[in-house]
Structures are given as C-alpha cells and as structure tokens.
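Peer 1: Let me give you the structure first, and then I'll get to my questions.
Where a number appears in this text, it was derived from the coordinates with a stated rule and is not lab data. Please read these numbers as outputs of a predicted model, since none were measured by experiment. Here the Cβ positions follow ideal geometry from the backbone for every residue, glycine too, while neighbour counts run over all protein chains shown.
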C-alpha cells in the first residue's frame, strides 16, 4: 500500500513534506479560507531542489481548530512548531496573503529560524478604513455564514478574465470556502485587522522577495511597493494580469520568480 507523506503534529497541525532532505527547507503558508493543497504548482516545482513543507493553518484543511482565539503570536508559535518538527531550519518562508503577514511576524520574532522571506499578495499595515472593512467582513461572516462573503471574495481574489476561463478552479475554491467554519474565518479576519508590522520592517535583515498581482485590490501594488521599500534590500516583482491569488492565476510566472530568488539565496 502506498503511504501518503502527511504529518499530524501533537498540536493538531496537518502538514505534508516532500523533496530532498538535507537541501534548504522551504515552508509554504497559505491564505485565509483555503488550505495547503492550493500550493500545488509551487510544491511540485520546489521539491525538485528543496526540502518542502506545506501546512494547514489552524481550523483549515485537516488541522485542528484552535482551542481559543487565534492571533499573530499564536501563528508564530504554530510556524515555529512546523519548522522545529522538520528539524531542518532555518527556512525560506513563502507566505500568501495572511501567510505573508504571518511570515513577517515570524521573521521579527524568530529571525534565527528564517533564511529568507517571500511575501506574496500581502500587506504590512492597513489604513483605518480598511481595518473597519475587515472587521465588518468578520461580523458578516459570523452572522450570515460563508455564503454571505463568497461573491466578493472571488471577485477580490481573481481577475474577471480568470473567473471566465477557469470555472473548474473557481468551483474548487467555492467548495472550499463554503465548507469553511464561519467562526474560524471571522476570527482570522479579526486577526488580520490587527496587522501593523510596517514600523518594524526596517529591522529585518533577511533576503526578501515581495510579489504582487498587478490588479490586486486587497493588497495593491502601492502597498507592496511601500513594504518592499521598508525592508532593506527587498526586491519587488509585479505579476501582470493577476489579482490577489497570483500563484493560482499565474503559476508559471510566480514559479519562475520564486525559483530565481531562492536559487540566489
């Protein structure tokens, strides 16, 4: 019988691992509402040269729900456990959306476990109006369920052209989101609304790549550029014709950018 290379930690975090043991470790941190399988194209590419781990955030995929509220300090503790369990750090941390927010907080708290960062379609802070909107999204999800935020989520995550061309992937994302626990989803947005790493980014001394979709309305190019300018030596790449889920919309382009960056670090 074929054995599936999946792991469940003592803390209830589900992960998968593949690639070359002894090679540099790459850890993939997904966006809110989805799971580790959405890194499929990147996972397949990276395992040819790296030791790769992808994990489900608490309350996502096959990971256990957190026993209490989940904040960035908890996210740092979870990622610390993933890397120490792998016994192969420091790691290249690749984070998408909230995954990139977690990566920033992690690098600030545990620089000893970080080799580099790749921050994809993410942010380091929000204006007050955006924080209010994030909290309203949490309130709506908790009150009315995942269906209440589905349409606006898909329209933020993907370009109109991609939605038309890839109904299969849109169907997959739709099924994933509708199966999510509204309480977990709302709690994640409440956590995201507290994000404010911007004042501390200048203290980071890890190689950093910032990647953003050209048409990303959630974490726009201007915000990504400002983030890259705050991190010493950071490199910014804008992915043409992509929105907030650039690794899903433009996997080949993102893989090329990611491969080039990791190969130099």
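Peer 1: Given the criteria touching a helix residue (DSSP H, G or I) at 6+ places or on another chain (Cβ under 8 Å), surrounded by 18 or more Cβ atoms within 10 Å (Cβ to Cβ), in a strand (DSSP E or B) and touching a residue at least 24 places away in the same chain (Cβ under 8 Å), does residue 92 qualify?
Peer 2: Values: touching a helix residue (DSSP H, G or I) at 6+ places or on another chain (Cβ under 8 Å): yes; surrounded by 18 or more Cβ atoms within 10 Å (Cβ to Cβ): yes; in a strand (DSSP E or B): yes; touching a residue at least 24 places away in the same chain (Cβ under 8 Å): yes.
Criteria met by residue 92.
Peer 1: Surrounded by 15 or more Cβ atoms within 10 Å (Cβ to Cβ), within 25 Å of residue 178 (Cβ to Cβ) and within 17 Å of the chain's Cα centre (by Cα): is that true of residue 12 in this structure?
Peer 2: No, not satisfied.
Peer 1: Same structure, new question: Has the stretch 196-203 got at least one residue that is over 16 Å from the mean Cα position of the chain (by Cα) and buried (at least 20 other Cβ atoms within 10 Å of the Cβ)?
Peer 2: Going through the stretch 196-203, the residues over 16 Å from the mean Cα position of the chain (by Cα) turn out to be 196, 198-203.
Add one more test, that the residue is buried (at least 20 other Cβ atoms within 10 Å of the Cβ), and what stays is 201.
Yes.
Peer 1: Return the only residue of 107, 123 being in contact with a strand residue (DSSP E or B) (Cβ under 6 Å, 6 or more places away or on another chain) and surrounded by 21 or more Cβ atoms within 10 Å (Cβ to Cβ). Talk me through it step by step, then tell me what you get.
Peer 2: On the way: 123 fails: in contact with a strand residue (DSSP E or B) (Cβ under 6 Å, 6 or more places away or on another chain).
When all the criteria are applied, what remains is 107.
Peer 1: Please enumerate the residues belonging to the stretch 73-89 that are on the phi < 0 side of the Ramachandran plot and in a loop (DSSP other than H, G, I, E, B).
Peer 2: Listed by number, the residues that qualify are 88, 89.
Peer 1: Continuing with this model, one more query. Sort out which residues of the stretch 125-159 are closer than 23 Å to residue 220 by Cβ, in contact (Cβ under 8 Å) with a residue 24 or more places away in the chain and assigned to a helix (DSSP H, G or I), and write them in order of number.
Peer 2: Result: 131, 134, 135, 137, 138, 141, 150, 153, 156, 157.
Table: residues versus (1) crowded, with 17+ Cβ neighbours inside 10 Å; (2) out of contact with any strand residue (DSSP E or B) (no Cβ under 8 Å at 6 or more places or on another chain).
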{"site": "114", "(1), (2)": "yes, no"}
{"site": "117", "(1), (2)": "yes, no"}
{"site": "136", "(1), (2)": "no, yes"}
{"site": "152", "(1), (2)": "no, yes"}
{"site": "155", "(1), (2)": "no, yes"}
{"site": "168", "(1), (2)": "no, yes"}
{"site": "180", "(1), (2)": "yes, yes"}
{"site": "186", "(1), (2)": "yes, yes"}
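Peer 1: Next up: Determine whether residue 237 is over 16 Å from residue 155 (Cα atoms), assigned to a strand (DSSP E or B) and touching a strand residue (DSSP E or B) at 6+ places or on another chain (Cβ under 7 Å).
Peer 2: Spelling it out, residue 237 is indeed over 16 Å from residue 155 (Cα atoms), assigned to a strand (DSSP E or B) and touching a strand residue (DSSP E or B) at 6+ places or on another chain (Cβ under 7 Å).
Peer 1: I've got another one for you. Right, residue 63: crowded, with 21+ Cβ neighbours inside 10 Å, in a loop (DSSP other than H, G, I, E, B) and under 16 Å from the mean Cα position of the chain (by Cα) or not?
Peer 2: Yes; evaluated as a whole, the condition is true for this residue.
Peer 1: Return yes when residue 162 is in contact with a strand residue (DSSP E or B) (Cβ under 8 Å, 6 or more places away or on another chain) and assigned to a helix (DSSP H, G or I) and no when it is not.
Peer 2: Numbers: in contact with a strand residue (DSSP E or B) (Cβ under 8 Å, 6 or more places away or on another chain): no; assigned to a helix (DSSP H, G or I): yes.
No: the conditions fail for residue 162.
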